[in-house]
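Reading through the structure tokens given below for one structure.
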Amino acid sequence: MGTLAGLITATALVGLGVVHGVWARGIWWPIGDADRFRLTVMGPTARLPRPIESWVVAGLLVAAATLVTISTLTDEIGLLTLATSAAGVVLALRGIGGFILSTFIQRDGPFAHWDRRLYSPLCLALAAGVTTAVI
């Protein structure tokens, strides 16, 4: 079960990396309109990400997917486990922080709606998937 969960998690991370690469190209998928994208994906006080910022996130997501895949398929411990665990912690913190932000601080608007229903739960699910790769 751990192997399947780890590989599903890695696949999802690669998919999210691809989406961030699309955004880096200025294609605001799936919304299309830049301002609606900003309000829905970034929040009302955020600016659109610069291409380099989206490319960095894309690269980090693909790197995390690589770590998860290797951790899932090997029994290697040490630095690999530490790096993979760090990716899981980052995802968990994003998930928890997102819930706090969208529930108690920035409760209205499309970003808060989607943060509570999709972005934060997805981050927590990915964090759980990363955990399966290291245990």
Any hit, region 42-51, residues being assigned to a helix (DSSP H, G or I) and closer than 20 Å to residue 126 by Cα: yes
Quickly run through region 65-102 and pick out the residues that are hydroxyl-bearing (Ser, Thr, Tyr) and in a helix (DSSP H, G or I). 66, 69, 71, 72, 81, 84, 85, 102
Can you tell me which of 58, 24, 10, 64 is surrounded by 15 or more Cβ atoms within 10 Å (Cβ to Cβ), among the hydrophobic types (A, V, I, L, M, F, W, C), more than 28 Å from residue 131 (Cβ to Cβ) and at pLDDT 95 or above? 24
Filter region 64-88 for residues that are small (Gly, Ala, Ser), farther than 16 Å from residue 123 by Cβ and touching a Leu at 6+ places or on another chain (Cβ under 8 Å) and give the result. 71, 83
Just to verify a result, which residue in region 82-105, among those that are in contact (Cβ under 8 Å) with a residue 24 or more places away in the chain and surrounded by fewer than 16 Cβ atoms within 10 Å (Cβ to Cβ), is nearest to residue 48 (Cα to Cα)? 96
On the given criteria, is residue 32 modelled with pLDDT under 95, in contact with a Phe, Trp or Tyr (Cβ under 6 Å, 6 or more places away or on another chain), of a type in the set (Gly, Ala, Ser) and within 30 Å of residue 106 (Cβ to Cβ)? no
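The values are calculated or read from the model by the stated rules, or taken from the named source; none is laboratory data. On a predicted model such as this, the values are computed, not experimentally measured, just so you know. Glycine also receives a Cβ, built like all others from the backbone with ideal geometry; neighbour counts cover every protein chain displayed.
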